[in-house]
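Below is one structure, written out as structure tokens; comments come after it.
The values are calculated or read from the model by the stated rules, or taken from the named source; none is laboratory data. Since the structure is predicted, the reported quantities are computational estimates derived from the model, not experimental observations. Cβ: placed from backbone, ideal geometry, glycine included. Neighbour counts: every protein chain shown. Heavy atoms of the whole protein, side chains included, go into the accessibility calculation; ligands, DNA and RNA do not. Shrake-Rupley method; radii C 1.70, N 1.55, O 1.52, S 1.80 Å.
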Amino acid sequence: MRLLIKNGYVVDPSQGVNTGKNLLIEDGRVVGLSSHNDGVPDECEVFDATGLVVAPGFIDMHVHLREPGQEYKETIASGAAAAVAGGFTTVCAMPNTNPVNDNAAVTRFVIEQAERAGLASVFPVGAITKNSAGTELAEMAEMKDAGIVAVSDDGRPVPTAGMMRRAMEYARGFDLPVIEHCEDKSLARGGMMHEGHWSLVLGLRGMPAAAEEVDAERNCLLAELTGARLHLAHLSTRGAIDAVRRAKEKGLPVTCEVAPHHWTLTDEAVQNYDTNTKMGPPLRSPDHLEAIIAGLRDGTVDAIATDHAPHHADEKALEYDQAPFGIVGLETAVGLAMDRLVSDGAISLERLVELCATNPARILRLEDRGSLRAGTRADLTIIDPELTWTFDASRAKSKSRNTPFDGYTFRGGAVATIVAGRVVHLHPDYARVIDGKQRHALVR
């Protein structure tokens, strides 16, 4: 099967491409780029991308798909559907399922369920320690053979520096990045939100920024000691961003990600006690938000990841101190990035593609993704930078609705998602019509 993405504006930092081009796909692989003036090959389906941005498929390094064990919140199939609806062609599933993904059997199960769904690719992340309990290393070699791309005890930080050192040395032997949730539990224990003005006003116990920053500093020092690849997850504080910046200046193999809610909302959003503003790390004060945006702008931050964390409505309906941490994010992340970062001039479109495709593929060693080079897998995210749309959580593809962005209107968003050359999601404003050849056309 041949598919021509015609008249689009191609943005591919891996090749330094930022211009109008056609893109030809055959049998699920990129054939190459050509001029808009070139003709349409024979027996070729055409996607008219006039006015649209064509980018390598976006990769979310950090999602929670809940299966196995909590399928009432999310399944791998529903999470993959949410991913492609939001413009993501690949996601990485964290191991905090039930049972925990600390062995090859669970790893294989996740991959098989994703293949059965046939939507976004799902790469499992294995646990660092058995049952993520922090006391005994998991069998990383077996899990890597089964298909994991990284290790993490996300949500349950590795408790001691000694255990983290051994984990990093072990992971280094398999060339696996260690993804760490930075939180010193002795400082954060009992906290519901960011420790600051609003926690005092609202009478909620706070988590100090230092809880994240102490752990970030520890882990960067251990990366220097061990030479292991370290990736710090969903950073939310100025000090943690600064720790990564200093590590990079030393040439250490340290990378990091930030989540859209941390550069969009501040702790002031908690004032109505809406449990959809409860997440870990918590929403921070404006100075931390500004530091995250600065890190996105100057290259300190390597990736945008959603930390998609589905919870049932009954769980989020509890009192603020009893409700679980986390929000869904796969279907709003690209809209938030386009609206709050690109449209506002904080970062360029090319930088956004780097954060969402080029860098995640590099960090995870996904060599046939994150690029539109000839021969690579034809995963594409197609964006309309002018599309105005409103997110309706009741119509979301995810099984859960726990989001603070219900009813938000965005400028810019993903309108088509192509996985291995197959259009797996098309925005409702776009329809397929017959015009001599099969064509995707904007209906306005």
GNM top mover of D175, D344, D215 - the chain, alpha-carbon springs below 10 Å | D344
Work from the charge dipole of the chain (Cβ charges, +1 for Lys and Arg, -1 for Asp and Glu, about the Cα centre) and give the residue of H234, L349, V10 farthest towards its positive end.
-> V10
Trypsin sites (Lys or Arg not before Pro) restricted to DSSP loop in region 310-396 with at most 14 other C-beta within 10 Å = R365
√(5λ) per eigenvalue of the Cα gyration tensor, region 139-259, largest first, Å | 28, 16, 12
Rounded accessible area per residue of the chain, 1.4 Å, Å² = 37
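Counting only protein heavy atoms and a 1.4 Å probe, tell me what percentage of the chain's accessible area is made up of carbon and sulfur.
On the chain, the fraction of accessible area on carbon and sulfur atoms equals 48 percent.
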Quick numbers on region 85-189, Rg and Dmax over C-alpha atoms in Å, give 13.9, 43
Debye equation applied to the C-alpha atoms of region 324-375, log10 I(q)/I(0) at 0.23, 0.27 Å⁻¹ = -0.92, -1.00
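May I ask you to list the GluC sites (Glu not before Pro) in region 255-329 that are in a DSSP loop and have at most 11 other Cβ atoms within 10 Å of their Cβ?
Passing sites in region 255-329 are E319.
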Give the long-range amide H neighbours of T75: residues separated by 5 or more places, or on another chain, with amide H under 5 Å away, using H modelled in the peptide plane at 1.01 Å from N.
-> K399
Using alpha carbons only: equivalent-ellipsoid semi-axes of region 245-348, gyration tensor based, whole Å = 27, 15, 13
So what is the relative contact order of region 286-433, in percent, for Cα pairs below 8 Å that sit 6 or more residues apart?
-> 24
Pop out the ³J(HN,Hα) list for region 43-52 in order, Karplus 6.51 cos²θ - 1.76 cosθ + 1.60 with θ = phi - 60°, rounded to Hz; leave Gly and Pro as x.
-> 6, 10, 6, 10, 10, 7, 9, 4, x, 10
How long is the gain from A374 to D242 if the chain were fully straight, where each residue apart is worth 0.36 nm and the alpha carbon distance is subtracted?
-> 43.8 nm
Going through region 1-106, which GluC sites (Glu not before Pro) have at most 10 other Cβ atoms within 10 Å and a DSSP loop state?
-> E43
Table column - 3J(HN,Hα) (Hz), region 15-23, Karplus curve with 6.51, -1.76, 1.60, x for Gly and Pro = 10, x, 9, 8, 6, x, 8, 8, 9
Where nothing but the Cβ of Lys and Arg (+1) and of Asp and Glu (-1) is charged, how large is the charge dipole of the chain around its Cα centre, in debye to the nearest 20?
-> 420
Cα-centre dipole for region 105-239 with unit charges at Cβ (Lys and Arg positive, Asp and Glu negative), debye to 20 = 160
Hey, what does the equivalent ellipsoid look like for region 208-274, semi-axes from the Cα gyration tensor as sqrt of 5 times each eigenvalue, largest first, whole Å?
-> 27, 11, 9
If we sort 188-198, 80-90 on the protection proxy, mean other Cβ atoms within 10 Å, highest first, what's the order?
-> 80-90, 188-198
Which of (1) -0.62; (2) -0.42; (3) -0.53 is the computed log10 I(q)/I(0) by the Debye sum over Cα atoms at q = 0.08 Å⁻¹ for the structure on display?
-> (2)
